[in-house]
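Trainee: To start, I am sharing the structure in question, which I have written as structure tokens.
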Amino acid sequence: MKFFIDTANLDQIREAQALGVLDGVTTNPSLMAKEGITGRNNILKHYVDICNIVEGDVSAEVIGTEFKAMIKEGEELAELHEQIVVKVPMIKDGVKALKYFTDKGIRTNCTLVFSPGQALLAAKAGATYVSPFIGRLDDISTDGLNLIAEIRLIYDNYAFETQILAASVRHTMHIIDCAKLGADVMTGPLSAIEGLLKHPLTDSGLAQFLADYKKGN
Ligand code: G3P
């Protein structure tokens with residue numbers, strides 16, 4: 001299972017990278033705005049800065065919603081750095097853009113996916129990654145994890161190579177449940193990744209080991 005961090009915050013990306021388990025980064029326009037990164041040139045520079053911190057894939061989202069605008073923007077993003085994956089929303093022109101990028105060998109991440117049908121379309125169009133937003137489904141009393149299971153079943157039925165990138169992961173249990181269900185990738189906040197570390201028996205066991213060591217030395 002690949003671990004991506006879902007942020008545009010460079011300090012958090014560095015911290016996750018230093019942990020040694022990071023496989024990539026996902027961003028979106030809201031995460032960029034949260035870091036105060038505005039204006040096309042600053043945003044493009046920020047993507048390059050992120051690529052220079054991590055070794056894996058970095059998703060960069062197109063803003064255009066019409067085919068021609070998406071193509072122009074996506075090609076510009078893909079040229080920025082070899083690690084860039086062009087993030088395209090699941091809308092009609094987005095599906096056309098996914099197919100166009102697939103045919104050109106440009107890797108893609110189909111975002112804002114909330115149903116098995118959308119995920120099927122993304123795979124048919126050749127998306128490298130599909131991003132079902134599990135947290136946002138949970139927010140509206142719909143089981144986000146069930147969507148991961150449904151997409152896994154469909155993709156396995158037909159051996160689709162599109163990787164399931166569980167997005168809108170909010171906490172540690174989301175990561176564990178996605179791993180059980182066979183998501184290829186999860187993207188979440190640093191807190192959710194670091195939450196995997198924690199167990200009170202680890203803390204008390206270590207404290208006991210250190211205390212016993214001190215007694216004999
Ligand atoms: O990768 C998608 C993610 O950024 C959405 O997360 O927490 O805003 O639903 P959230």
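Please treat every number below as a calculation from the coordinates, not as lab data. Computed from a prediction, not measured in an experiment: that's the story for all the values here. When we count neighbours, we look across all protein chains shown, and the Cβ atoms used for this are built from the backbone with ideal geometry, even at glycine.
Trainee: Going highest first, how would you order 176-188, 8-20 by mean Cβ packing within 10 Å?
Mentor: Packing proxy ranking, top to bottom: 176-188, 8-20.
Trainee: A further question on this structure: So if I restrict to the alpha-carbon atoms in region 92-174, what is the Rg, and what is Dmax, the biggest pairwise distance, in Å?
Mentor: For region 92-174, the Cα radius of gyration and maximum Cα-Cα distance read 12.6, 39 Å.
Trainee: Let me see the pair-distance distribution of region 116-159: every alpha carbon pair, 5 Å bin width, integer percents in order.
Mentor: Bin by bin from 0 Å, the calculated values are 5, 24, 31, 22, 12, 5, 1.
Trainee: With runs of 4+ DSSP H residues as the only contributors, calculate the mean residue ellipticity of the chain at 222 nm using -39,500 (n - 2.57) per run, divided by the residue total and rounded to the nearest 500.
Mentor: -16500 deg cm²/dmol
Trainee: At each listed q (0.20, 0.23, 0.24 Å⁻¹), what is the log10 of I(q)/I(0) that the Debye formula gives for region 26-110 modelled as equal alpha-carbon point scatterers?
Mentor: Summing over Cα pairs of region 26-110 leads to -0.86, -1.12, -1.20.
Trainee: From the phi angles alone, apply the Karplus equation (6.51, -1.76, 1.60; θ = phi - 60°) to region 17-28 and give each ³J(HN,Hα) in whole Hz, x where the residue is Gly or Pro.
Mentor: The phi angles translate into 4, 5, 5, x, 10, 8, 10, x, 9, 10, 9, 8 Hz.
Trainee: What does the net charge come to around S191 if you take all other residues with beta carbon closer than 13 Å to its beta carbon, with K and R at +1 and D and E at -1?
Mentor: Once all neighbours under 13 Å are counted, the net charge is -1.
Trainee: Moving on to the next point. Taking the Cα centre of region 66-217 as origin, sum charge times position over the Cβ atoms of Lys and Arg (+1) and Asp and Glu (-1), and report the length of that vector in debye to the nearest 20.
Mentor: The dipole of region 66-217 has a size of about 60 debye.
Trainee: Turning to a different aspect of this structure: What is the gain in length, in nm to one decimal, between I91 and A207 on full extension, counting 0.36 nm per residue of separation less the C-alpha to C-alpha distance?
Mentor: Roughly 36.4 nm would be gained on extension.
Trainee: Can you work out the FRET efficiency for the pair D156 and D49, with r the C-beta to C-beta distance and R0 = 45 Å, to the nearest 0.05?
Mentor: The calculated FRET efficiency here is 0.75.
Trainee: Count the net charge of all other residues whose Cβ sits under 11 Å from the Cβ of N28, scoring Lys and Arg as +1 and Asp and Glu as -1.
Mentor: Counting the neighbours of N28, the net charge comes to 0.
Trainee: While we're looking at this one, here's another question. In Å³ and rounded to a whole number, note down the convex hull volume per residue for the Cα atoms of the chain.
Mentor: Spelled out: Cα convex hull of the chain, divided by residues, is 142 Å³.
Trainee: Once each part is reduced to its C-alpha centroid, what is the distance from region 157-217 to region 103-150 in angstrom?
Mentor: 23
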